[in-house]
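**Student:** Questions regarding the structure given below will be posed in turn.
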Amino acid sequence: MAAVQQQQMISRARAAFKSGKTLPLSFRIKQLKNMIRFLDECGDEILDSLRQDLRKSKMEATLFEIEVMRSDFNHLIRNLKSYAKGDKLPTNLMSFEDSASIKRDPYGLVLVLGAWNYAFSLSLQPLAGAIAAGNCVILKPSECSPKSAATMARLIPKYLDNECYHVYEAELEDTKLLLTNHFDYIFATGSIGMGKSVLAAAAPNLTPVTLELGGKSPTYIDETSDLEITVKRVLWGKFTNLGQTCIAPDYILCSKKVEKEFLKAASKVVTEWYGDNSRKSPDLARIVNDRNFNRLKSILDKTKGRVVFGGETDQKERWVSPTVLVDVLTDDAAMEEEIFGPILPILTVNSPDEAIEFILSRPKPLALYIFSKQEKVVQTFLDRTSSGGVCVNDVIWQAANEGLPFGGVGGSGMGSYHGSFSFDTFSHKKAVLHRGFSKMSENMSSGRYPPYTDKNLSFFRTVMRNLHRFQLTYGQVVSHIMAVGVGVVIFYLMQTLTL
Amino acid sequence: MSTNMTSVITKSRSAFSSERTLAVSFRLAQIKNLLAMINECQDEIVSALHADLRKSTMEATLYEVELVRSEIAYFIRNLKNLAKKEKLPMNLLACLDSGYIQREPYGVVLILGAWNYPLSLSLLPLIGAIAAGNCVILKPSELAPNTAQTLSKIVPRYLDTECFHIYEADLEGTKELLKNKFDYIFATGSTNMGRSVMAAAVPHLTPLTLELGGKSPIFIDDSSDYELATKRILWGKCMNLGQTCIAPDYILCSKNVEKEFLTVATRVLTEWYGTNWKQSLDLTRILNEKNFLRLQKMIEETKGRIAFGGQMDQQTLWISPTVIVDIPDPSDIVMQEEIFGPILPIITVDSADEAIKIIKSRPKPLSLYVFSKDNSVIQEFVKRTSSGGICINDVIWQNGWEGLPFGGVGESGFGNYHGKYSFETFSHKKSVLQRGFSYMSEKLGEARYPPYNDSKLRFFTTIIRHIHSFNVNINWCRVTSHFFAGCFGALVLFLYLRYLK
């Protein structure tokens, strides 16, 4: 049943791609504008779904789902013409009749696997990128956020071309079945386990993939940082979506002294933000399902660290309170895998080097955070560690900057997206070289033909070694000549007027 | 063998941990040493290529040694710039923040070389991986053993032996090697090899680039210059006796063009190779018996007609340049898999459209070639087909053209390299956002903190919606250089008026 449904959907999408309708930019821009309309017209439904799936507050759902998507879609609309036109290479004086360029071709049929923690944006941002690059898409939103998945399945078809773009709801088994098909690109956000399954499914078809995974994002705080601001920023990043953010600060590394001040400020801030009983705050989300709740409860049960504040849980509500753990050792239960919840362990280190050695001993994270006013310390972290991205003196924001690629490295993933990087991810860079039949063109390269002689070899070798000297960025030369002309004219006018 | 493997991997990891490859000066020094190697060992290299494939000095020099030299020269000129931080435009609203992209190495890179261009297909990726700051284990193809052994011998004399390793292994040894964790894998080879490598990358989630192959079609239309088209196509086909991943594989053209092609071809090949083509020293040989038998089978079992060529000699692994016409069936043996030999089938079509349909019914090739003077026909192919690359009115040249990425799509592979694309392939783009603790910085972001309310939401919504308008995309270098150009013009006029008038 599922197999038949999947085959039909895939056939329709492939036929739509074959028809060429996604190639014109006007078509793609229209789809993207319709996505904006979807956000404008279905805001309430989106908020409601997110409230039901995660008890997301209006603020978080609006800013970190709707507005982030709107921003990305608008970026693609504004820039699509320039991205899609490809790159023209500089002319080479030695072969000026030749022209070289890079054309951006869509891959064809793209599969996007969404995630549940930012159920809309982690589905629709990749979808928009794939649309912008001219692909047809099958989007399978996460079944762990079922209300959001159902909303997308119901509403997206009202805004997007139904032949080219499909929202497919499926549980795990049917997703595995879907992955046995041949796609031209797969974009998946999720856990490391999911990443391995997707890559394994892609291998027989040689399908290129982008995997947005996770990891434990370390946060280093040193004594020079403005602790009051640091605490706010770190806790904001940690407790947004009740810690269920792939780039949430996972654990802290700092000295005993900083830890003491951090804790003092932290309990004050948590009370300011959430009141005396944080469970009653409407601003805190809930854990998405029982499995994740149990996982977090198990961390609290097994940790050998000390709960400084928080530590409360409620199974029925899937509530885990904002919690800080101290006296946490490196082999603690809280240090095994990505926490993905509102539990913040603090590990004490005696120096930035010790922190760096620890970070280097673990898989590369999706994000790394450094709080310090010391340029040297910051630079050492930047140079010696590797992560998807880094934010200095704040958290999360590196993912919101439209000029920065968002993606992991090592265990935290491969590939990236957002803005122009989405367009890059979902398009193939086709090299195009256009030569001519003129006598000049042929004379320059006729030395390549047999019978091979030393003279021809010498000639060609010289050409190859010196070709780069004749690169000419035509536009720049013209504009500089014009600037010279402008200077002449200005001077002349000045002379004439002063005489 | 496996102790050697473990030790090579351990040494590489430890060398990478020592952080010495991070310094751009170290990388440049290694690359310059490779230049010294190419210069000092050129004769040895050319001999090895001759021993493996009977490559002529011309082909070994131009399409192996000189390609490597060009790539080295590119990095010597450009590495400093490539390795710099890529700064984002300043944003007036968030002017105290600075964003940039920092390129960093992946770690230990595994490169699997190929046998048909055993030098360049090993060293070009090696250069890119070194330039990006990685440590590298390079496993050259065992099917070109002389080149593999030469590299094993000479590379350690020039490169840091802790960071960079040449590891010789056969198929079984390579499978063992692939069980280990690498931070990046770059492999050139067949589609099947690609599948094995990708499967091996799964447990470690290793990113990879696969340079594979496919049947690269050529369309020749009636408007082309038949003489030049034929020469260029035959040059691409006969190079390395057709054993080039971007060799023109088969031709699509009208009956009329086919006729012209055949007339020019027989003349040209005799001009190039004399009356007995087998005697020409300019033609290489088929790699080994397995490939010879594969090609022999094509010639013997094709239902097409051999227009010319078809001679074979198993002992010397010789197959003559051969053109096959009147192929009745698209499933003919010569049209099934990449030929990778000097056999050139011609399929007649009635139009560019028919050619495009045939091309689109097949896996995406590594290259596509179009010969035409009609720009609208050319654009049809460029827009409606997909391939790794496309060259119009010539073949092969798009590889090695500075500034163009080289890589496949679909079954012909994914990822790319050459020049700056090598640098991009072998490095991770790390996003860095630097914020501050200033009053302004905090004020701008303070509305994010709970307790949430509508006024904070409105404030932030406005910022998110409009922040992009505050990007200041000024390239100060360009502004300055144009300003000085203007001053120069004014100065010239001043001097003219003062001294010449």
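**Student:** Residues in region A:189-236 that are under 18 Å from the mean Cα position of the chain (by Cα), assigned to a loop (DSSP other than H, G, I, E, B) and within 10 Å of chain B (Cβ to nearest Cβ): how many?
**Tutor:** Residues flagged as under 18 Å from the mean Cα position of the chain (by Cα), assigned to a loop (DSSP other than H, G, I, E, B) and within 10 Å of chain B (Cβ to nearest Cβ) within region A:189-236 amount to 2.
**Student:** Take the residues in region B:326-346 that are farther than 17 Å from B:GLY242 by Cβ and of a type outside the set (Ser, Thr, Tyr); name whichever of them is surrounded by the most Cβ atoms within 10 Å (Cβ to Cβ).
**Tutor:** Taking the candidates together, the pick is B:ILE327.
**Student:** Further question: Which ones in region A:359-383 are of a type in the set (Lys, Arg), farther than 20 Å from A:MET414 by Cα and either facing another protein chain (nearest Cβ under 10 Å) or part of a loop (DSSP other than H, G, I, E, B) (or both)?
**Tutor:** Going through region A:359-383, the residues of a type in the set (Lys, Arg) turn out to be A:362, A:364, A:373, A:376.
Those still in the list that are farther than 20 Å from A:MET414 by Cα too: A:373, A:376.
A:LYS373, the sole residue that qualifies.
**Student:** Could you list all residues from region B:191-224 that are free of Cβ contacts under 8 Å to residues at least 40 places away in the same chain and of a type outside the set (Asp, Glu)?
**Tutor:** Correct list: B:ASN192, B:ARG195, B:SER196, B:MET198, B:ALA199, B:ALA200, B:ALA201, B:VAL202, B:PRO203, B:HIS204, B:LEU205, B:THR206.
**Student:** Still on this structure, please answer the following. Checking the structure you have, find out if any residue of region A:143-153 is in a helix (DSSP H, G or I), under 24 Å from the mean Cα position of the chain (by Cα), among the hydroxyl-bearing types (Ser, Thr, Tyr) and modelled with pLDDT of 95 or more.
**Tutor:** Yes: one or more hits.
**Student:** How many of the residues in region A:8-26 are within 14 Å of chain B (Cβ to nearest Cβ) and assigned to a helix (DSSP H, G or I)? I'd like the intermediate steps shown before the answer.
**Tutor:** Going through region A:8-26, the residues within 14 Å of chain B (Cβ to nearest Cβ) turn out to be A:14-15, A:17-25.
Then keep just the ones that are assigned to a helix (DSSP H, G or I); that gives A:14-15, A:17-18, A:25.
Here the count works out to 5.
**Student:** Out of B:ILE246, B:ILE185, B:ILE166, report the one residue that is open to solvent by 30 Å² or more (accessible area, probe 1.4 Å), touching a Ser or Thr at 6+ places or on another chain (Cβ under 6 Å) and within 18 Å of B:TRP115 (Cα to Cα).
**Tutor:** Answer to the check: B:ILE166.
Here is a yes/no grid of residues against (1) at the interface with chain B (Cβ under 7 Å from one of its Cβ atoms); (2) outside any helix (DSSP H, G or I); (3) among the hydroxyl-bearing types (Ser, Thr, Tyr):
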| site | (1), (2), (3) |
| --- | --- |
| A:ASP394 | yes, yes, no |
| A:GLY411 | yes, no, no |
| A:ALA431 | yes, yes, no |
| A:LEU457 | yes, no, no |
| A:HIS468 | yes, no, no |
| A:VAL478 | no, no, no |
| A:ALA483 | yes, no, no |
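**Student:** Take the conditions within 12 Å of chain A (Cβ to nearest Cβ), touching a strand residue (DSSP E or B) at 6+ places or on another chain (Cβ under 7 Å) and of a type in the set (S, T, N, Q) and apply them to B:ASN416. Does it pass?
**Tutor:** Working: within 12 Å of chain A (Cβ to nearest Cβ): yes; touching a strand residue (DSSP E or B) at 6+ places or on another chain (Cβ under 7 Å): yes; of a type in the set (S, T, N, Q): yes.
Against the criterion (within 12 Å of chain A (Cβ to nearest Cβ), touching a strand residue (DSSP E or B) at 6+ places or on another chain (Cβ under 7 Å) and of a type in the set (S, T, N, Q)), B:ASN416 qualifies.
**Student:** Okay, moving on. Checking A:SER267 against (1) in contact (Cβ under 8 Å) with a residue 12 or more places away in the chain; (2) open to solvent by less than 30 Å² (accessible area, probe 1.4 Å), only one condition comes out false. Which one?
**Tutor:** Only one criterion is unmet by A:SER267, namely (2).
**Student:** Follow-up question, since we're still on this one. Can you tell me which residue in region A:445-455 is farthest from A:ARG435 (Cα to Cα), limited to those that are of a type outside the set (Gly, Ala, Ser) and part of a helix (DSSP H, G or I)?
**Tutor:** Taking region A:445-455 and keeping what is of a type outside the set (Gly, Ala, Ser), we get A:448-455.
Restricting the remaining residues to those that are part of a helix (DSSP H, G or I) gives A:448, A:454-455.
Numbers: A:ARG448: 15, A:ASP454: 26, A:LYS455: 24 Å.
Among those residues, the one meeting the criterion is A:ASP454.
**Student:** For the subset of region A:320-361 comprising residues that are of a type in the set (Asp, Glu) and more than 21 Å from A:ASP222 (Cα to Cα), which member is surrounded by the fewest Cβ atoms within 10 Å (Cβ to Cβ)?
**Tutor:** Here the answer is A:ASP331.
**Student:** What pairs come up if the first residue lies in region B:443-471 and is part of a helix (DSSP H, G or I), the second is open to solvent by 70 Å² or more (accessible area, probe 1.4 Å), and their beta carbons are under 6 Å apart, counting only those six or more places apart or on different chains?
**Tutor:** Once the first residue is part of a helix (DSSP H, G or I) and sits in region B:443-471, its partners that are open to solvent by 70 Å² or more (accessible area, probe 1.4 Å) give B:ALA447/B:PHE459; B:PHE470/B:LEU92.
**Student:** Out of all the residues in region B:232-285, which are basic (Lys, Arg), within 29 Å of B:LEU212 (Cβ to Cβ) and within 13 Å of chain A (Cβ to nearest Cβ)?
**Tutor:** Correct list: B:ARG232, B:LYS237.
**Student:** For region B:58-99, enumerate the residues that are of a type in the set (D, E, K, R), without any contact (Cβ under 8 Å) to a residue 60 or more places away in the chain and at the interface with chain A (Cβ under 9 Å from one of its Cβ atoms).
**Tutor:** Once the filter is applied, which keeps residues that are of a type in the set (D, E, K, R), without any contact (Cβ under 8 Å) to a residue 60 or more places away in the chain and at the interface with chain A (Cβ under 9 Å from one of its Cβ atoms), region B:58-99 yields B:GLU66, B:ARG69, B:ARG77.
**Student:** Residue under question is B:LEU433, and the condition is that it be at pLDDT 90 or above and either of a type in the set (A, V, I, L, M, F, W, C) or open to solvent by less than 70 Å² (accessible area, probe 1.4 Å) (or both); does it hold?
**Tutor:** Values: at pLDDT 90 or above: yes; either of a type in the set (A, V, I, L, M, F, W, C) or open to solvent by less than 70 Å² (accessible area, probe 1.4 Å) (or both): yes.
The answer is yes for B:LEU433.
**Student:** Is it the case, given these coordinates, that A:PHE406 is aromatic (Phe, Trp, Tyr) and within 8 Å of chain B (Cβ to nearest Cβ)?
**Tutor:** yes
**Student:** Within the bounds of region B:99-120, is there any residue that is touching a strand residue (DSSP E or B) at 6+ places or on another chain (Cβ under 7 Å), at pLDDT 95 or above and closer than 21 Å to B:GLU40 by Cα?
**Tutor:** No, there is no match, as no residue in region B:99-120 is touching a strand residue (DSSP E or B) at 6+ places or on another chain (Cβ under 7 Å), at pLDDT 95 or above and closer than 21 Å to B:GLU40 by Cα.
**Student:** If you don't mind, there's one more thing I want to ask. Does region A:445-459 hold any residues that are open to solvent by 40 Å² or more (accessible area, probe 1.4 Å) and among the hydrophobic types (A, V, I, L, M, F, W, C), and which are they?
**Tutor:** A:PHE459 - this is the single residue of region A:445-459 that is open to solvent by 40 Å² or more (accessible area, probe 1.4 Å) and among the hydrophobic types (A, V, I, L, M, F, W, C).
**Student:** Sticking with this one: Just the residues that are in a loop (DSSP other than H, G, I, E, B), within 14 Å of chain B (Cβ to nearest Cβ) and of a type outside the set (Gly, Ala, Ser), please, taken from region A:258-297.
**Tutor:** At the first step, the residues of region A:258-297 found to be in a loop (DSSP other than H, G, I, E, B) are A:275-277, A:281-289.
Those still in the list that are within 14 Å of chain B (Cβ to nearest Cβ) too: A:275-277, A:281-285.
Listed by number, the residues that qualify are A:ASP276, A:ASN277, A:PRO282, A:ASP283, A:LEU284.
**Student:** Which residues, taken from region B:356-400, are of a type in the set (A, V, I, L, M, F, W, C), more than 22 Å from B:LYS231 (Cα to Cα) and more than 9 Å from chain A (Cβ to nearest Cβ)?
**Tutor:** Result: B:ILE356, B:ILE358, B:ILE359.
**Student:** Okay, next question. Just the residues that are facing chain B (nearest Cβ under 10 Å) and either aliphatic (A, V, I, L, M) or within 48 Å of the chain's Cα centre (by Cα) (or both), please, taken from region A:485-499.
**Tutor:** A:GLY485, A:VAL486, A:GLY487, A:VAL488, A:VAL489, A:ILE490, A:MET494
**Student:** Output the residues belonging to region A:45-56 that are more than 23 Å from the chain's Cα centre (by Cα), within 14 Å of another protein chain (Cβ to nearest Cβ) and more than 16 Å from A:SER142 (Cα to Cα).
**Tutor:** Scanning region A:45-56 gives a single hit, A:ARG55.
**Student:** Moving on to the next point. Just checking, which of B:ASN146, B:ASN180 is over 30 Å from A:SER386 (Cβ atoms), in contact with a helix residue (DSSP H, G or I) (Cβ under 7 Å, 6 or more places away or on another chain) and open to solvent by 30 Å² or more (accessible area, probe 1.4 Å)?
**Tutor:** B:ASN146
**Student:** Let me ask something additional. Quickly run through region A:298-319 and pick out the residues that are on the phi < 0 side of the Ramachandran plot and either open to solvent by 60 Å² or more (accessible area, probe 1.4 Å) or in a helix (DSSP H, G or I) (or both).
**Tutor:** A:SER298, A:ILE299, A:LEU300, A:ASP301, A:LYS302, A:LYS304, A:ARG306, A:VAL307, A:GLU312, A:GLN315, A:LYS316, A:GLU317
**Student:** Same structure again: So the check is Cβ under 7 Å with 6+ separation or different chains; which pairs have a first residue in region A:121-149 that's surrounded by 24 or more Cβ atoms within 10 Å (Cβ to Cβ) and a second one that's assigned to a loop (DSSP other than H, G, I, E, B) and of a type in the set (S, T, N, Q)?
**Tutor:** Once the first residue is surrounded by 24 or more Cβ atoms within 10 Å (Cβ to Cβ) and sits in region A:121-149, its partners that are assigned to a loop (DSSP other than H, G, I, E, B) and of a type in the set (S, T, N, Q) give A:GLY134/A:THR22; A:ASN135/A:THR22; A:CYS136/A:THR22; A:ALA149/A:SER142.
The values are calculated or read from the model by the stated rules, or taken from the named source; none is laboratory data. These numbers come from a predicted model, not from an experiment. No Cβ is skipped: glycine too gets one built from the backbone with ideal geometry, and neighbour counts run over all protein chains shown. Heavy atoms of the whole protein, side chains included, go into the accessibility calculation; ligands, DNA and RNA do not. Shrake-Rupley method; radii C 1.70, N 1.55, O 1.52, S 1.80 Å.
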